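*Asks:* The structure under discussion is supplied below as structure tokens; questions concerning it will follow.
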Amino acid sequence: MRQNGTQRRRIAGKWQISADGGVEPKWAANGRELFYRSGDRMMAVDVRAQPNFQPQPARMLFEGSYAASYDVASDGQHFVMIKQDESATLLTEARVVLGWAEELKRRTGNR
């Protein structure tokens, strides 16, 4: 039940969204847009659910070389992605510092 007293209708089924394939689908918070990656392209599809489920034609939002996985901000207008830098060297070591906040306080005199 929604806050306005109406019930949410559940739609079951399968629909083809892309003719060119795609990976990592994610819904916008408003439920009216579906994002996915197709190669180096970030794609979006507007979706209408009333009276029947109707995906609109896919459109490219932008293109670029990004690391696997991403997230969509709650406004549906921004993305969190890691840009790949082909000129960078391969990361061979990662250091995790535990308790860094306490160490910082100790070194700065608890400011």
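The values are calculated or read from the model by the stated rules, or taken from the named source; none is laboratory data. These figures come from a predicted structure and were not determined experimentally. Methodologically, a virtual Cβ is constructed for each residue, glycine included, from the backbone with ideal geometry; neighbour enumeration extends over all protein chains shown.
*Asks:* Which one of these does residue 33 not meet: (1) surrounded by 14 or more Cβ atoms within 10 Å (Cβ to Cβ); (2) over 20 Å from residue 16 (Cβ atoms)?
*Replies:* Answer for residue 33: the failing condition is (2).
*Asks:* Mind counting the residues in segment 79-111 that are of a type in the set (S, T, N, Q) and modelled with pLDDT of 85 or more?
*Replies:* Just the residues of segment 79-111 that are of a type in the set (S, T, N, Q), to begin with: 84, 87, 89, 92, 108, 110.
Still in the running and modelled with pLDDT of 85 or more: 108.
Count: 1.
*Asks:* Here's a check for you: in segment 20-43, which residue that is without any contact (Cβ under 8 Å) to a residue 40 or more places away in the chain and among the basic types (Lys, Arg) is farthest from residue 74 (Cα to Cα)?
*Replies:* 41
*Asks:* Consider segment 1-23. How many of its residues are at pLDDT 80 or above and loosely packed, with under 13 Cβ neighbours inside 10 Å?
*Replies:* Within segment 1-23, residues that are at pLDDT 80 or above and loosely packed, with under 13 Cβ neighbours inside 10 Å number 3.
*Asks:* Name the single residue, out of those in segment 39-48 being among the charged types (D, E, K, R) and surrounded by 13 or more Cβ atoms within 10 Å (Cβ to Cβ), that is farthest from residue 27 (Cα to Cα). Please lay out each step first, then the result.
*Replies:* Taking segment 39-48 first, the residues among the charged types (D, E, K, R) are 40-41, 46, 48.
Right, trim to surrounded by 13 or more Cβ atoms within 10 Å (Cβ to Cβ) and you get 41, 46.
Numbers: 41: 17, 46: 10 Å.
Step by step, filter segment 39-48, then rank; the result is 41.
*Asks:* Do the conditions hold for residue 69, that is, is it at negative phi, hydroxyl-bearing (Ser, Thr, Tyr) and surrounded by 10 or more Cβ atoms within 10 Å (Cβ to Cβ)?
*Replies:* No: the conditions fail for residue 69.
*Asks:* Looking at 51, 55, can you tell me which residue is loosely packed, with under 10 Cβ neighbours inside 10 Å and modelled with pLDDT under 85? Outline the logic, then answer.
*Replies:* On the way: 55 fails: loosely packed, with under 10 Cβ neighbours inside 10 Å.
Of the residues listed, the single one that is loosely packed, with under 10 Cβ neighbours inside 10 Å and modelled with pLDDT under 85 is 51.
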